[in-house]
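Engineer: Got a structure here, written out as structure tokens. Questions coming.
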Amino acid sequence: MSDMTTTRRDVVITGIGIASSLGEGVEAHAAALAAGGPPVVDSESFKPYPLHPLAPLELDRQIPKKSDQRQMEPWQRLGVYAAGLALDSAGIKQDAEAKSALQVIVAAGGGERDHAVDAAILSGLRGANEPGTYLNEHLMGDLRPTLFLAQLSNLLAGNIAIVHGVTGPSRTFMGEEQAGVDAIRTAHARIASGQSDLRLVGGAYNAERRDMLLLFELGGYLRRDRFAPVFAREDAPGLITGSAGAFLVLESAERAAARGAKVHARLSQTGATRSRRAPGTVESALTGLVSGFGPLGADALAISAATGCAGITAEEAGALAKAAPSAKRLAAGDLVGHGVEAAFPVSVALAAIALSAGQAKEAIVTGAGHWRGEGAAHLVKA
């Protein structure tokens, strides 16, 4: 099953909001792309699992009300913050008319839990005479009332509306890495086909969560002990996750030109597929998607959202070697870690930043989910 969207109307990126272990905003990430320096990795806090921690953010800059900050969990605050940066970048933060027309697509995972309460309840259950009664009483009395709101995946879109005054319709996609792929693909397709002119699309992921590390470890997906580049983890394959959020303002070229907006890049094509995982299927799927973009320039940039997991990472490298042999290859995970739902939006944002900064004239983005789904995008310098 595959879905390739080719532009009928030009779709451009006029706003980029990104925050990660490298800092926030276009300039910080453009500098990191140009320098290629060592990543920011925390190997101690969640030992033996290294991860890329979020750089400190001044939340008041994008989420002025403390009450709004308190009722969100970290991943929601990160997403709302990145969305605000994107609106600022596009120059529409104060444009009520634009925000009423702005349609939002969010890639999101499951909500966060109160680990302290979970641990206390599990410990208490061991000595409870009536475990069922004990569990009901403590679940009702110990969990804070706002935790349910924090666990709703579509509350990121809701909080973007509340904090930034974006009153257009919204959609939330769930499904790990493929949620991010389909969010970008759908936003692009709607504008390319003339169904809309303006979209805010992206996602956020908080890697500093013991519950998610446990989940990935139970599946055998995590790398242990020390950082290694994504395409050099043969000794111990696996994810090194990273806290990151990225949102893009996508706009029809006509609308952007009419308002004199700065264009960072043109998003020319997107594609997605979901292969039946067997040896060779990821390589075949990604080769087909990238080849569908047509011949690439000799100086093209290839940004990969590869996971570092065994098998599929080598297949993604193989697909890039076949479909884009002359492209300069860069793994987003080497810079900011793997952001699961946010991985593909972050990678597209990095590609757009590189093009906007004059570091390349053309870029492709690829990604294969750690257990399902593949996607690709093609961008060109505006």
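Engineer: Restricting to the range 253-279, count the residues that are more than 21 Å from A331 (Cβ to Cβ) and over 22 Å from the mean Cα position of the chain (by Cα).
Structural biologist: 13
Engineer: For the range 91-130, which residues satisfy the criterion of being surrounded by 11 or more Cβ atoms within 10 Å (Cβ to Cβ), among the small types (G, A, S) and part of a loop (DSSP other than H, G, I, E, B)?
Structural biologist: Within the range 91-130, G91, A108, G109, G110, G111, A128 qualify.
Engineer: Of the residues A86, A90, A82, which is touching a residue at least 24 places away in the same chain (Cβ under 8 Å), out of contact with any Leu (no Cβ under 9 Å at 6 or more places or on another chain) and closer than 28 Å to G194 by Cβ?
Structural biologist: A82
Engineer: Sticking with this structure for a sec: Can you pull out the residues in the range 270-298 that are closer than 26 Å to I13 by Cβ, of a type in the set (S, T, N, Q) and surrounded by fewer than 24 Cβ atoms within 10 Å (Cβ to Cβ)?
Structural biologist: Of everything in the range 270-298, those that are closer than 26 Å to I13 by Cβ, of a type in the set (S, T, N, Q) and surrounded by fewer than 24 Cβ atoms within 10 Å (Cβ to Cβ) turn out to be T273, T287, S291.
Engineer: Here's another thing I want to ask about it. Would you check if there is a residue in the range 212-224 being more than 24 Å from A108 (Cβ to Cβ) and surrounded by 18 or more Cβ atoms within 10 Å (Cβ to Cβ)?
Structural biologist: Checked the range 212-224: at least one residue is more than 24 Å from A108 (Cβ to Cβ) and surrounded by 18 or more Cβ atoms within 10 Å (Cβ to Cβ).
Engineer: Please find, among M140, M174, the residue that is surrounded by fewer than 20 Cβ atoms within 10 Å (Cβ to Cβ) and more than 29 Å from G369 (Cα to Cα).
Structural biologist: Unique residue meeting the criteria: M140.
Engineer: Take G358 and decide whether it is surrounded by fewer than 24 Cβ atoms within 10 Å (Cβ to Cβ) and on the phi > 0 side of the Ramachandran plot.
Structural biologist: Yes: the conditions hold for G358.
Engineer: Any chance you could count how many residues in the range 3-41 are touching a residue at least 40 places away in the same chain (Cβ under 8 Å) and either buried (at least 17 other Cβ atoms within 10 Å of the Cβ) or of a type outside the set (A, V, I, L, M) (or both)?
Structural biologist: Number of matching residues: 27.
Engineer: Do you know which residues across the range 207-228 are over 18 Å from G339 (Cβ atoms), in contact with a Ser or Thr (Cβ under 7 Å, 6 or more places away or on another chain) and not charged (D, E, K, R)?
Structural biologist: Listed by number, the list is empty, since nothing qualifies.
Engineer: While we're looking at this one, here's another question. Taking interchain pairs and intrachain pairs at least six residues apart, which have beta carbon atoms under 8 angstrom, with the first residue in the range 249-260 and hydroxyl-bearing (S, T, Y) and the second in a strand (DSSP E or B)?
Structural biologist: From the range 249-260, the pairs are S252/V11; S252/V12; S252/L198.
Engineer: Also: Condition (residue is outside the structural domain of L51 (by TED's automatic domain parsing) and touching a residue at least 12 places away in the same chain (Cβ under 8 Å)) applied to the range 124-133: is it met by at least one residue?
Structural biologist: Scanning the range 124-133, I find at least one residue that is outside the structural domain of L51 (by TED's automatic domain parsing) and touching a residue at least 12 places away in the same chain (Cβ under 8 Å), so the answer is yes.
Engineer: K47 versus (1) buried (at least 23 other Cβ atoms within 10 Å of the Cβ); (2) part of a loop (DSSP other than H, G, I, E, B): which is the lone unmet condition?
Structural biologist: (1)
Engineer: Being assigned to a strand (DSSP E or B) and of a type in the set (G, A, S) is the filter here; which residues of the range 9-26 pass it?
Structural biologist: Hits for the range 9-26 are G15, G17, A19, S20, G23.
Engineer: Quick one: which helices (runs of 4 or more DSSP H) lie wholly within the range 274-377 and hold at least 3 residues that are out of contact with any His (no Cβ under 9 Å at 6 or more places or on another chain)?
Structural biologist: Because the criterion is at least 3 residues that are out of contact with any His (no Cβ under 9 Å at 6 or more places or on another chain), the helices (runs of 4 or more DSSP H) in the range 274-377 that meet it are 281-291, 312-323, 343-356.
Engineer: Taking the range 167-222, which residues are part of a loop (DSSP other than H, G, I, E, B) and aliphatic (A, V, I, L, M)?
Structural biologist: M174, A207, listed by residue number.
Engineer: Any idea which of (1) in contact (Cβ under 8 Å) with a residue 24 or more places away in the chain; (2) touching a strand residue (DSSP E or B) at 6+ places or on another chain (Cβ under 8 Å); (3) within 30 Å of Q103 (Cα to Cα) is the one L152 doesn't satisfy?
Structural biologist: Every listed condition holds for L152 apart from (2).
Engineer: Taking the conditions exactly as written (assigned by TED's automatic domain parsing to the domain that holds V163, part of a loop (DSSP other than H, G, I, E, B), touching a Lys or Arg at 6+ places or on another chain (Cβ under 9 Å) and not charged (D, E, K, R)), does L87 satisfy them or not?
Structural biologist: Answer is no for this residue.
The values are calculated or read from the model by the stated rules, or taken from the named source; none is laboratory data. This one's a predicted model, so the numbers in the text were calculated from it and none came from an experiment. Reconstructed Cβ throughout: ideal geometry from the backbone, glycine too, with neighbour counts over all protein chains shown.
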